[in-house]
Amino acid sequence: MNSDIFDKCFNFVAADKLRSSGFYPYFHRVESEQGPEIIVNGTKKVVVCSNNYLGLANHPKVIEASINAVKKYGTSCTGSRFLNGTNDLHEKVEKKFAKFVGKEESILFTTGHHSNLGSLSCLVGKGEILITDKLDHASIIDGCRLSFGEMVRFRHNDMSDLERQLIKHKGNGMLIVIDGIFSMEGDIANFPEISRLAKKYGAKVFVDEAHSLGVLGVNGRGVGEHFNMEDNVDVLMATASKSLASIGGFIASKSKVIDYIKHSARTIIFTASLPPACVGAIDVALDLIITEPERRRNLMNTASKMKEAFKSMGYNVGHSQSPIIPLTVGSDMVAFKMWRMLFDEGVFASPVVTPAVPEGQSIIRTSYMATHTDAHLNFILEKFEKVGKQLGVIVP
Ligand SMILES: Cc1ncc(COP(=O)(O)O)c(C=O)c1O
């Protein structure tokens, strides 16, 4: 008997079950701008799951720049970067970004995901090796899958396992690909050791600074700056959807590498370019990252305050070293229940469940913004203490 291609859809009941239990945490309709407080289904929530780290997504200057870009260039570039979709604003922010991160050139993709997909798949070809951390972001995995190279993995931040892979594949072209800050765990890649090993075995290093740009380093230039080793980042990727308050993604490197990517990446050639509204926002958000370092300082102070407070309540915060603080809560169902109870108490958080985390180690992933006030933070802590005790995640 022929099977119907839609069988899997009609047999998919996991979301229905969650909906009927009242614990469905996805696709909630936000009815306001994305600040530390948002309106969801008509009620105010304090947000503890945004990537708006520096609080720029609703900054008046960023909004104004976005509007002005639409007024000048219209709503769409109507084609790919490769053909008719490149304008002078794209080129301006590419130059500004490359200068900011100290690279010869950069290229702007339509999303961060596209940056990883397009650059990794064209940089690593047949007979070459992508060496990835097991906890690298899904977009890195997707880029590796699209590449004709071989993808191998090392245990998370485990330098002897990385060295084992480098020894095994020595002599081939090798690219080590890492997240600067890991998106679920909030810990930082051991970049000094990774670059030492890369040099020893002749590999290049690609760093995804999605969560570290604007956040790490005195000037917010990411993991390379944090460790004072910026020249050891061979390819720097950053998304514009987090600290840069927009959407889009940059790849920065030597001019010849960027020129090759520009003429080879499928996600530059076969998709339309980033629209003016988004490019205009990036332009000014980047200026604010440079001129308002106090935002970064506030953010890091908030992150340490929250980490210490959660620890003293008895929460397991893992190895977080950043504004991403995961709280391990137990089974998937505990995470869903906790999400719902927090929501009812006025806190909007994110549950992360299997298969994104191992069985029984589901988390509530919390993340912070420079614009959270002490009142917001105290409210969040009060609610996590109350709900954590009610669920037995922390000792009552
Ligand atoms: C580490 C990392 N890389 C890449 C991306 C993709 O970026 P974007 O959402 O801008 O497409 C994300 C997004 O969550 C991320 O966390």
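Every number in this text was worked out from the coordinates using simple rules, so none of it is lab data. All values reported here derive from a predicted model rather than from experimental measurement. No Cβ is skipped: glycine too gets one built from the backbone with ideal geometry, and neighbour counts run over all protein chains shown.
Around the amide H of residue 49, modelled in the peptide plane, lie the amide H atoms of 367, all under 5 Å away and 5 or more residues distant in sequence or on another chain.
The order of 154, 379, 10, going from fewest to most other C-beta atoms within 10 Å of their C-beta, is 10, 379, 154.
Averaging the Cα positions of each part gives two centres, and for the stretch 104-135 and the stretch 204-245 these lie 15 Å apart. A simple spin-label model places pseudo-atoms 7 Å from Cα toward Cβ; at residue 99 and residue 156 they are separated by 3.9 nm. By the rule of a C-alpha distance below 19 Å, with chain neighbours fewer than 8 residues away ignored, the aspartates and glutamates paired with residue 337 are 16, 345, 359, 382, 385.
Taken over the alpha carbons of the chain as equal point scatterers, the Debye sum produces base-10 log I(q)/I(0) values at 0.14 Å⁻¹ of -1.31. Its Cα centre serving as origin, the stretch 60-291 has a Cβ charge dipole (Lys and Arg +1, Asp and Glu -1) of approximately 480 debye. Electrostatic bookkeeping for residue 269 treats Lys and Arg as +1 and Asp and Glu as -1; over the other residues with beta carbon under 13 Å from its beta carbon, the sum is +3. In this simple spin-label approximation, residue 312 and residue 21 carry label points 7 Å from Cα along the Cα→Cβ vector, and these lie 3.4 nm apart. Across the chain, the relative contact order, built from alpha-carbon pairs under 8 Å that are at least six residues apart, equals 22 percent.
Over the stretch 60-291, the reciprocal of the mean inverse Cα-Cα separation, the Kirkwood hydrodynamic radius, stands at 17.6 Å.
3J(HN,Hα) along the stretch 312-321, derived from phi through the Karplus expression 6.51 cos²θ - 1.76 cosθ + 1.60 where θ = phi - 60°, amounts to 5, 6, x, 6, 8, 9, x, 10, 4, 10 Hz, with x in place of Gly and Pro.
Placing unit charges on the Cβ atoms only, positive for Lys and Arg and negative for Asp and Glu, gives the stretch 135-202 a dipole magnitude near 420 debye about its Cα centre. The distance from the alpha carbon centre of the stretch 285-345 to that of the stretch 1-54 is 20 Å, rounded to a whole number. Relative contact order of the stretch 91-206: 22 percent, from C-alpha pairs under 8 Å at least 6 residues apart in sequence. Between the exposed loop cleavage positions of the chain, defined as GluC sites (Glu not before Pro) in a non-H, G, I, E, B DSSP state with at most 16 neighbouring beta-carbon atoms within 10 angstrom, the longest gap is 129-358.
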